[in-house]
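Notes for the one structure printed next.
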Amino acid sequence: MANRINTIAETAPQLRKTTAATRWYLRQPNCPLKTVRMGSRIYVTQDSIDALLSGDLAEAS
């Protein structure tokens, strides 16, 4: 199964953040989530979201 990528609007509710807060969080240098940039758009892999929510990744401070 291919790794699904989510837009910021799809990622924000999973992280319980607003869209603006998610965008800011993803721009932090210590953000543990794997992002994919295609042009000006930012996508987040579902595997990295699942790992963060399960506690496998340390959350950025």
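Values in this text are rule-based calculations from the coordinates and carry no lab data. Remember, it's a predicted structure, so these values are computed and weren't measured experimentally. Positions of Cβ are generated from backbone atoms using ideal geometry, with glycine treated the same way; all protein chains shown enter the neighbour counts.
Taking the stated definitions as given, is residue 35 among the β-branched types (Val, Ile, Thr), surrounded by 13 or more Cβ atoms within 10 Å (Cβ to Cβ), under 9 Å from the mean Cα position of the chain (by Cα) and at negative phi? The answer is yes for residue 35.
When the range 14-32 is limited to residues that are assigned to a helix (DSSP H, G or I) and touching a residue at least 24 places away in the same chain (Cβ under 8 Å), the one that is surrounded by the fewest Cβ atoms within 10 Å (Cβ to Cβ) turns out to be 14. Among the residues here, residue 45 qualifies as β-branched (Val, Ile, Thr), out of contact with any helix residue (DSSP H, G or I) (no Cβ under 7 Å at 6 or more places or on another chain) and surrounded by 13 or more Cβ atoms within 10 Å (Cβ to Cβ).
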